[in-house]
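Please treat every number below as a calculation from the coordinates, not as lab data. All values derive from a computational prediction rather than experimental measurement. All Cβ positions, glycine included, derive from the backbone under ideal geometry; neighbour counts span all protein chains shown.
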Amino acid sequence: MTTADDGTLSADRYEPAEDAGPTYPRIRQVVLDTTDARGLAEFYRELFGLTYRPGDEPPATGAPDPRGADWLVLRGPGVGLAFQQVDTLPASTWPDDGVPQQLHLDTTVPDATELARQHERALALGATLLLDRTDDPDDPDEPLYVYADPAGHPFCVFVG
């Protein structure tokens, strides 16, 4: 971060032109609660090709991981993901009643070939398939898969 002459911080700040009209908050990251912050961060790091915020990288094997027991941030193009350690977290039971999704991530790929490739990757990384809508005759233009991540949060991968 740098400090401008007027004392304001300028790094990572959105500074619109004076005549740009109203300003709005920008989404910096989506935060996921989890009982295993490091494990879930690693899942999404591999799935989306993200990188850790400096200082949040995994420690050497066998070394303590205080950040992994509290709060971790992943960055990449677009919105980042953060992981907040909690003691307990009921997994979503979607599509069944009980525990709703509360939040889910929508992700896209360019075509059906890439959808199939990412499907295999998600499963290999530990995702659980919740819904396969790749051959839905009612919506052939938007094939998709819905998964649960290792902590139970739903996420979608679809052609779009």
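Choose one answer from Thr35, Thr88, Thr128: the residue with the largest mean-square fluctuation in a GNM of the chain with alpha-carbon springs under 10 Å.
Thr88
Using only Cα atoms, find the angle between the long axis of helix 112-125 and the longest principal axis of the chain, and express it within 0 to 90 degrees, rounded to the nearest 10.
In the chain, helix 112-125 runs at an angle near 80 degrees to the longest axis.
So what does the Cα-only Debye profile of the stretch 29-85 read at q = 0.31 Å⁻¹, as log10 I(q)/I(0), no solvent term?
The Cα Debye sum returns log10 ratios of -1.41.
Assign unit charges at the C-beta atoms only (+1 for Lys and Arg, -1 for Asp and Glu), then state the dipole size of the chain relative to its Cα centre in Debye, rounded to the nearest 20.
On the way: 11 positive and 29 negative charges, 127 e Å.
Here the size comes out at about 600 debye.
Among Phe48, Leu144, Pro59, flag the residue with its Cα farthest along the positive direction of the charge dipole of the chain, charges on Cβ as +1 for Lys/Arg and -1 for Asp/Glu.
About the Cα centre, the residue reaching furthest to the positive side is Pro59.
For a quick size check, give me the Cα extents of the stretch 105-159 along its three principal axes, largest first, whole Å.
In descending order, the Cα extents are 30, 19, 16 Å.
Where does the longest stretch of the chain lie that holds no trypsin sites (Lys or Arg not before Pro) found in a DSSP loop with 16 or fewer other Cβ atoms within 10 Å? It would help to have the intermediate numbers written out before the result.
On the way: sites that count: Arg13, Arg26, Arg28.
That would be 29-160.
Using the Kirkwood formula over every pair of different C-alpha atoms, what hydrodynamic radius in Å results for the chain? The partial results should precede the final answer.
Numbers: mean 1/r = 0.0555 Å⁻¹.
18.0 Å is the Kirkwood radius here.
For the stretch 19-76 and the stretch 101-160, what is the separation of their C-alpha centers, rounded to whole Å?
So the two Cα centres are separated by 22 Å.
Which value, in debye to the nearest 20, describes the size of the charge dipole of the stretch 29-85 about its Cα centre when Lys and Arg Cβ atoms bear +1, Asp and Glu Cβ atoms bear -1, and nothing else is charged? All intermediate terms of the calculation are to be shown ahead of the outcome.
Numbers: 5 positive and 8 negative charges, 37 e Å.
The dipole magnitude comes to about 180 debye.
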